[in-house]
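Report on the structure given below.
The values are calculated or read from the model by the stated rules, or taken from the named source; none is laboratory data. Since we're looking at a predicted model, the values are computed, not measured. Here the Cβ positions follow ideal geometry from the backbone for every residue, glycine too, while neighbour counts run over all protein chains shown.
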Amino acid sequence: MDKQIFSARLTFTRLALHDWELIHSIYSNPNLMKHIRDVMSEEEIRRNFENELAPWSIDSPHWLTWIIHENSLGDNNVGLISICTRNLEKLTAEVGFIILEEYNGQGYATEALKSIIDFSVDNIGFKKFIAVCSEEHIGSRRVLEKAGMSLDKMVPDSTQIGGKLVTDCFYSLEI
């Protein structure tokens, strides 16, 4: 799983030790986290980072994370995208992504999601993909829909973020 993945405008590289500052800046940023989860402590970020650096296979319990790089402007970091096996028997993976604020609205999240889904089907064998996002995160919901995912259900007051209960939207795509 260490090889690079390419799309029209992006390159995806497996998370590496040198990505610590980027990961720390993402998960400690209240603006980036406001629709995802509470900001993580330094210890939580470090623990998750170390888990995701471990070798990955389809039966691994941790996320497989790639850093998204923009090709045209000097290989800038755009964000991250990850998959995690949720049902090995049904070959189901959960997908998640975070795009840095300065790259929102440029189609990078949709391009990244479609690329990682295609890669995961062709190289890992996943047949179904799921994603969860808060109802208020309109941008992420649009990305999921543009990538071909369908809204399966909405669960009110499902997750607490910033001291407030939010409605979770559950999406899926079967290949």
Quiz item: Any idea which of (1) touching a Ser or Thr at 6+ places or on another chain (Cβ under 7 Å); (2) assigned to a strand (DSSP E or B) is the one Gly79 doesn't satisfy?
Solution: (1)
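Can you confirm whether Glu102 is free of Cβ contacts under 8 Å to residues at least 12 places away in the same chain and over 13 Å from the mean Cα position of the chain (by Cα)?
On the way: free of Cβ contacts under 8 Å to residues at least 12 places away in the same chain: yes; over 13 Å from the mean Cα position of the chain (by Cα): yes.
Here the answer is yes, as Glu102 does meet what is asked.
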Exercise. Scan the stretch 1-41 for residues that are without any contact (Cβ under 8 Å) to a residue 12 or more places away in the chain and assigned to a loop (DSSP other than H, G, I, E, B) and jot them down.
Key: Lys3, Gln4, Asn29, Ser41
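Considering only the stretch 154-166, state which residues are surrounded by fewer than 14 Cβ atoms within 10 Å (Cβ to Cβ) and either assigned to a strand (DSSP E or B) or modelled with pLDDT of 95 or more (or both).
Start the filter on the stretch 154-166 by keeping residues that are surrounded by fewer than 14 Cβ atoms within 10 Å (Cβ to Cβ), which leaves 154-157, 160, 162-165.
Passing the criteria: Met154, Val155, Pro156, Asp157, Gln160, Lys164, Leu165.
For the stretch 65-86: of the residues being more than 25 Å from His24 (Cβ to Cβ) and in contact with a strand residue (DSSP E or B) (Cβ under 8 Å, 6 or more places away or on another chain), which is surrounded by the most Cβ atoms within 10 Å (Cβ to Cβ)? First the steps, then the outcome.
The first filter runs over the stretch 65-86 and keeps only residues more than 25 Å from His24 (Cβ to Cβ), leaving 72, 85-86.
Now restrict to residues that are in contact with a strand residue (DSSP E or B) (Cβ under 8 Å, 6 or more places away or on another chain): 85-86.
Working: Thr85: 20, Arg86: 15.
The extreme case among them is Thr85.
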Quiz item: Residues in the stretch 114-128: is at least one among the aromatic types (Phe, Trp, Tyr) and part of a loop (DSSP other than H, G, I, E, B)?
Solution: yes
Quiz item: In the stretch 37-55, what residues are surrounded by 13 or more Cβ atoms within 10 Å (Cβ to Cβ), of a type in the set (A, V, I, L, M) and either in contact with a strand residue (DSSP E or B) (Cβ under 8 Å, 6 or more places away or on another chain) or over 24 Å from Ser140 (Cα atoms) (or both)?
Solution: Leu53
Quiz item: So Ala54 fits all but one of (1) closer than 16 Å to Leu144 by Cα; (2) small (Gly, Ala, Ser); (3) more than 14 Å from the chain's Cα centre (by Cα); what number is the exception?
Solution: (1)
Self-check item: Flag for Ile58 being buried (at least 17 other Cβ atoms within 10 Å of the Cβ) and within 26 Å of Ile124 (Cα to Cα)
Solution: no
Practice problem: Consider Leu151 carefully, then state whether it is over 21 Å from Phe12 (Cα atoms) and either at pLDDT 95 or above or of a type in the set (Phe, Trp, Tyr) (or both). | Solution: yes
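What residue, of Ile98, Ile138, Ile116, is modelled with pLDDT of 95 or more, loosely packed, with under 13 Cβ neighbours inside 10 Å and under 18 Å from Gly79 (Cβ atoms)?
Values: Ile98 fails: loosely packed, with under 13 Cβ neighbours inside 10 Å; Ile116 fails: loosely packed, with under 13 Cβ neighbours inside 10 Å.
Result: Ile138 is the single residue among Ile98, Ile138, Ile116 that is modelled with pLDDT of 95 or more, loosely packed, with under 13 Cβ neighbours inside 10 Å and under 18 Å from Gly79 (Cβ atoms).
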Quiz item: Is it the case that some residue within the stretch 54-61 is part of a loop (DSSP other than H, G, I, E, B), modelled with pLDDT of 95 or more and charged (D, E, K, R)?
Solution: yes
